[in-house]
Amino acid sequence: MNYKVVIFDIDGTILPHGKTLSNATKDAIQRLKEKNMKVVIATGRAPYFSESIMEETGVDSMIFFNGSYVFHEGKELFKNTIEKQVLNKVHLLSHDNQHALTFLAGKSFKVTDLSHPFVKEAYMNDSWVPELAPPQFWMNQDIYQLFLHCDLEEELSYQTMIPELDFRRWSSGAKTCDVNLTNSNKAVGITKLLERIGIAPDDAVAFGDGLNDIEMLSLVGMGVAMGNARDEVKQAANMVTLSSEEDGVRYGLERLGLI
């Protein structure tokens, strides 16, 4: 198959959790570019959480916030914000349940309770430092995504009461989940980008490891799950490569004959 674009998730895919980008992965991405292959990053991260990765890889076409914000060659292509009435539902329910929220806007993020243990856990391995959200922060900003900090069983009431939103755990056992619009995921953002550059999904390869990668891996012609991915992610893929710790991106690209 003559693939034309390769799409990478960040955390757990090109970037092992808690680690830095390996030379093998950086070299693999550079070799794709030298073959005039288009390279895209599709992440649950915000733009301001992704700057170092963009600099290290030189990739300028990005899908952020699990598909809600798309950049092509450094220019905004698509955005899909959460409506204020939906945000108000989450705000009220989280307040009643004493759960903390992180609001992710286009250029900054704020947290409702900096002292909450699940908030501290969520950011303990990151370089970015959360700040307290002013009372009207979510009203005055375009919000693309939320982090809900609560136990898994407590998440169920949100899913029932706010069907407009989708809740996905960061990982098994994590105390935080991504919160996005139900009709928004990485596949939606990727479709917008592929339409812009004139490439069919069947001509695309995607690498991912998380629950938020399932739609992406199912959309493209060759979905590659990392060795460290959960079983349901592997089931959505066409191929399973090595883990991110084992430079699975490079290994997978070699197996496909792309580098």
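The values are calculated or read from the model by the stated rules, or taken from the named source; none is laboratory data. None of these values were measured; they are calculated from a predicted model. Every residue, glycine as well, gets a Cβ built from its backbone with ideal geometry; the counts of neighbours run over all protein chains shown. Just the protein is used for accessible areas: all its heavy atoms, side chains included, with ligands, DNA and RNA removed. Shrake-Rupley method; radii C 1.70, N 1.55, O 1.52, S 1.80 Å.
Restricting attention to region 55-74, which residues are in a strand (DSSP E or B) and within 28 Å of Asn23 (Cα to Cα)? Across region 55-74, the qualifying residues are Met62, Ile63, Phe64, Val70, Phe71, His72.
Could you look through region 181-195, keep only residues that are open to solvent by less than 10 Å² (accessible area, probe 1.4 Å) and of a type in the set (A, V, I, L, M, F, W, C), and pick out the one that is farthest from the chain's Cα centre (by Cα)?
Out of the qualifying residues, it is Leu194.
If you check Asp11 against the conditions, is it acidic (Asp, Glu) and either open to solvent by less than 20 Å² (accessible area, probe 1.4 Å) or touching a Lys or Arg at 6+ places or on another chain (Cβ under 8 Å) (or both)?
Taking the combined requirement at face value, the residue satisfies it.
Suppose we keep only residues that are open to solvent by 10 Å² or more (accessible area, probe 1.4 Å) and of a type in the set (Gly, Ala, Ser) within region 68-121. Which one would you say is farthest from Thr160 (Cα to Cα)? Quick ask: steps written out before the conclusion?
Residues of region 68-121 open to solvent by 10 Å² or more (accessible area, probe 1.4 Å): 69, 71-81, 83-85, 88-89, 91-93, 95-99, 106-110, 112-118, 120-121.
Subsequent filtering for residues that are of a type in the set (Gly, Ala, Ser) retains 74, 106, 108, 115.
Values: Gly74: 38, Gly106: 28, Ser108: 29, Ser115: 27 Å.
Here the residue is Gly74.
Going through (1) open to solvent by 20 Å² or more (accessible area, probe 1.4 Å); (2) modelled with pLDDT of 95 or more; (3) in a helix (DSSP H, G or I) one by one, Leu32 falls short only on (1).
Residue count for region 123-177 satisfying the condition of being of a type in the set (Val, Ile, Thr) and either part of a loop (DSSP other than H, G, I, E, B) or in contact with a Cys (Cβ under 6 Å, 6 or more places away or on another chain) (or both): 2.
In this structure, does Lys33 turn out to be of a type in the set (Lys, Arg) and over 24 Å from Asp142 (Cα atoms)? So Lys33 passes the test.
The conditions of being of a type in the set (Ser, Thr, Tyr) and in contact with an Asp or Glu (Cβ under 8 Å, 6 or more places away or on another chain) are not met by Thr191.
The set of residues from region 220-238 being out of contact with any Gly (no Cβ under 6 Å at 6 or more places or on another chain) and under 17 Å from Gly44 (Cα atoms) comprises Ala225, Ala229, Arg230, Val233. Within region 178-211, the set of residues being of a type in the set (Val, Ile, Thr), part of a helix (DSSP H, G or I) and closer than 22 Å to Ala105 by Cα comprises Val188, Ile190.
The set of residues in region 52-98 that are more than 20 Å from the chain's Cα centre (by Cα) and β-branched (Val, Ile, Thr) comprises Val86, Val90.
In region 1-11, the residue that is farthest from Ile199 (Cα to Cα) out of those that are modelled with pLDDT of 95 or more and outside any strand (DSSP E or B) is Ile10. Within region 151-180, the set of residues being open to solvent by 20 Å² or more (accessible area, probe 1.4 Å), of a type outside the set (Asp, Glu) and closer than 20 Å to His91 by Cβ comprises Leu156, Ser157, Gln159, Thr160, Met161, Pro163, Arg168, Lys175.
Residue selection: Ala28 fails the criterion of being in contact with a Leu (Cβ under 6 Å, 6 or more places away or on another chain), under 18 Å from Asp126 (Cβ atoms) and in contact (Cβ under 8 Å) with a residue 40 or more places away in the chain. Going through (1) farther than 18 Å from Asn88 by Cβ; (2) open to solvent by less than 30 Å² (accessible area, probe 1.4 Å) one by one, Ala133 falls short only on (1).
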